[in-house]
Amino acid sequence: MTFAPPPSEPPPAAAPLTLTSLPLFPLGTVLFPGGLLALRVFEVRYLDMVRKCRQAGAPFGVVALTDGHEVRQAGAAPEKFHDVGTIAAISDLDDSHPGLIALRARGTERFRIVRRQLLPHGLWIADVEQLPPDVPVAVPEDLRKTASALEQVLARLRDRSPDDASLPEPGAEQLEDCGWVANRWCELLPVPIDLKQQLMQLDSPLLRLELVGDVLDRTGIAP
């Protein structure tokens with residue numbers, strides 16, 4: 001007697017990655033996945049945070065401010081910031097000067113805050129869920145000019161500042177990817193921070209690049 005194997009069941013959907021007690025760094029800027037962030041840290045609450053993250057090999061979260069300042073002011077209300085931010089992984093750190101840390105961090109994945117808490121010494125921590133990364137989408141023909149213009153702008157900026165490590169030298173694969181091209185333009189364009197936040201939160205890298213293309217057309221940057 002033989003028995004037929006039981007019908008196979010589809011694997012359960014993967015649950016989004018959650019991070020508990022992620023330290024937050026509210027800033028007056030938007031960090032995009034793949035972007036490089038340079039910081040000079042001198043507040044006690046962040047000096048301690050950065051050292052602990054470095055020692056543990058752990059990231060921190062960057063969120064854009066909606067109210068308040070990067071540097072805490074006496075008597076001021078706590079900062080307010082967006083619910084969606086980007087995880088930052090420390091790549092370089094220099095703490096050779098007392099009371100000052102210079103660091104570089106790379107944006108990795110986006111996250112959404114589930115719960116947040118302000119600790120007594122002024123540091124924000126949050127429980128977050130990681131958002132899906134951009135799906136690779138090839139730059140369509142009608143948006144190729146945005147990629148070629150980006151390559152030219154980055155080349156000119158590197159010529160002016162050859163020692164600036166924040167200026168990437170993109171390869172063909174990056175220049176053919178909607179998300180990468182859109183994110184680098186979002187970092188460069190002088191548009192309001194609220195618009196950058198909205199662009200970063202978009203789930204569609206193609207739509208993000210289309211909106212960036214509209215801005216470039218209006219400004220004449222990418223003819």
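The values are calculated or read from the model by the stated rules, or taken from the named source; none is laboratory data. Model, not experiment: these values are computed from the prediction. Cβ atoms come from the backbone with ideal geometry, glycine included; neighbour counts cover every protein chain shown. To get the accessible areas, we keep the full protein, side chains included, count just its heavy atoms, and leave off ligands, DNA and RNA. Shrake-Rupley method; radii C 1.70, N 1.55, O 1.52, S 1.80 Å.
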Inspect all residues belonging to the range 89-107 and state whether any of them is hydrophobic (A, V, I, L, M, F, W, C) and farther than 26 Å from Leu167 by Cα.
no
If you check Asp83 against the conditions, is it under 28 Å from Leu195 (Cα atoms), among the acidic types (Asp, Glu) and more than 18 Å from the chain's Cα centre (by Cα)?
no
I'd like to verify a number: residues in the range 22-45 that are assigned to a strand (DSSP E or B) and over 18 Å from Trp180 (Cα atoms), how many?
10
Restricting the search to the range 74-111, which residues are more than 18 Å from Arg40 (Cβ to Cβ) and among the polar types (S, T, N, Q)?
Thr86, Thr108
Within the range 165-197, can you find the residues that are assigned to a helix (DSSP H, G or I) and open to solvent by 50 Å² or more (accessible area, probe 1.4 Å)?
Ala172, Glu173, Gln174, Glu187, Leu188, Ile193, Asp194, Leu195
